[in-house]
Amino acid sequence: MKKTIALMILTLLLLLPLISGCAGSKGGEASAGTLLKTFPQDLKSSENEGTRTIVSHIDWPYYETAKDLIEVSTHIYKGKITDISFEIIDYKTGEKNDDPDNTASTHFIYIVYTVTVDEYIKGEGDSTVKICKMGGIAGYLEEEQYALLKSSGILNDETLTIVLCNDDCTLKIGSDYLFCTIRWANGYDHIMNPIQFAHHTDSENAKMIKSGVKQ
């Protein structure tokens with residue numbers, strides 16, 4: 001194992017190049033563009049007996065209002081999930097790197113959502129987008145995740161564990177969402193946090209975001 005999971009998470013907190021956000025909300029009813037703390041939980045995965053996982057707890061910026069979220073997002077668009085896959089990505093550069101001979105400690109497993117874009121609301125780009133989200137998924141294509149972690153040299157047979165991030169937002173193939181992302185020049189869109197990058201298209205949050213962009 002190249003580095004311990006703890007070291008990877010610590011380095012992530014120091015180096016992850018995200019724009020700083022507002023303090024977390026304490027709840028309450030939405031008003032004047034205040035975003036509700038609701039998010040999709042659509043992927044029904046099955047926990048397999050003997051699943052080896054570790055949950056990493058990462059503090060992400062949270063955006064209180066639609067205006068805040070719109071400002072930090074470089075691209076906002078509606079689209080459909082057409083595929084869910086996994087990649088090893090260097091979280092310093094945001095680029096794919098599954099070379100087993102690479103000794104960097106900044107490599108991490110990511111979920112990659114392939115999206116067919118129906119409409120750009122902020123920004124512009126291709127009709128197909130790949131959104132990467134740190135962490136794996138328990139009970140979903142686990143063998144594929146294990147194989148990737150092993151072939152990339154991050155973990156060996158004895159320490160083979162899927163790292164999960166501390167959030168419940170899950171998306172499923174065939175469903176439509178409103179996405180708010182940060183686009184880097186590396187082939188992927190990145191999330192600003194795990195629960196505010198995707199919204200059901202008919203949700204109050206989506207309505208406030210779309211309305212805010214038009215203002």
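The values are calculated or read from the model by the stated rules, or taken from the named source; none is laboratory data. No experiment lies behind these values; they were computed from the predicted model shown. FYI the Cβ positions are ideal-geometry reconstructions off the backbone, even for glycines, and counts take in every protein chain you see.
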For segment 76-105 the number of residues that are modelled with pLDDT under 85 and surrounded by 19 or more Cβ atoms within 10 Å (Cβ to Cβ) is 2
Against the condition surrounded by 14 or more Cβ atoms within 10 Å (Cβ to Cβ) and closer than 23 Å to residue 42 by Cα, how does residue 181 come out, does it pass? yes
Restricting segment 62-109 to residues that are over 27 Å from residue 145 (Cα atoms) and part of a loop (DSSP other than H, G, I, E, B), the one nearest to the chain's Cα centre (by Cα) turns out to be 73
Condition set out of contact with any helix residue (DSSP H, G or I) (no Cβ under 7 Å at 6 or more places or on another chain) and charged (D, E, K, R), scope segment 63-75, selection surrounded by the fewest Cβ atoms within 10 Å (Cβ to Cβ): answer is 71
Scanning segment 23-61 for residues that are of a type in the set (Val, Ile, Thr) and not in a loop (DSSP other than H, G, I, E, B), the one modelled with the highest pLDDT turns out to be 34
| said: So for segment 144-155 (the condition being in a strand (DSSP E or B), of a type outside the set (Val, Ile, Thr) and at pLDDT 85 or above), does at least one residue qualify? | reply: no
The condition of being closer than 18 Å to residue 54 by Cβ, out of contact with any Phe, Trp or Tyr (no Cβ under 7 Å at 6 or more places or on another chain) and either of a type in the set (Asp, Glu) or surrounded by fewer than 18 Cβ atoms within 10 Å (Cβ to Cβ) (or both) holds, among 118, 167, only for 167
If you go through 127, 152, 175, the only one that is surrounded by 17 or more Cβ atoms within 10 Å (Cβ to Cβ), farther than 16 Å from residue 191 by Cβ and hydroxyl-bearing (Ser, Thr, Tyr) is 152
Of (1) touching a strand residue (DSSP E or B) at 6+ places or on another chain (Cβ under 6 Å); (2) surrounded by fewer than 20 Cβ atoms within 10 Å (Cβ to Cβ), residue 110 satisfies every one except (2)
Checking 77, 113 in turn, the sole residue that is of a type in the set (Phe, Trp, Tyr), more than 30 Å from residue 161 (Cβ to Cβ) and in contact with an Asp or Glu (Cβ under 8 Å, 6 or more places away or on another chain) turns out to be 77
Residues in segment 124-143 that are part of a loop (DSSP other than H, G, I, E, B) and within 21 Å of residue 196 (Cα to Cα) total 6
Checked 189, 176, 167 against criteria (more than 18 Å from residue 91 (Cβ to Cβ) and acidic (Asp, Glu)); the one match is 176
query = Would you call residue 121 out of contact with any Asp or Glu (no Cβ under 7 Å at 6 or more places or on another chain) and not in a strand (DSSP E or B)?
reply = no
Of the listed residues (90, 98), the one being out of contact with any Lys or Arg (no Cβ under 9 Å at 6 or more places or on another chain), farther than 15 Å from residue 198 by Cβ and not polar (S, T, N, Q) is 98
Selection from segment 206-215 of residues more than 18 Å from the chain's Cα centre (by Cα) and either closer than 26 Å to residue 136 by Cα or not in a loop (DSSP other than H, G, I, E, B) (or both) yields 207, 208, 209, 210, 211, 212, 213, 214
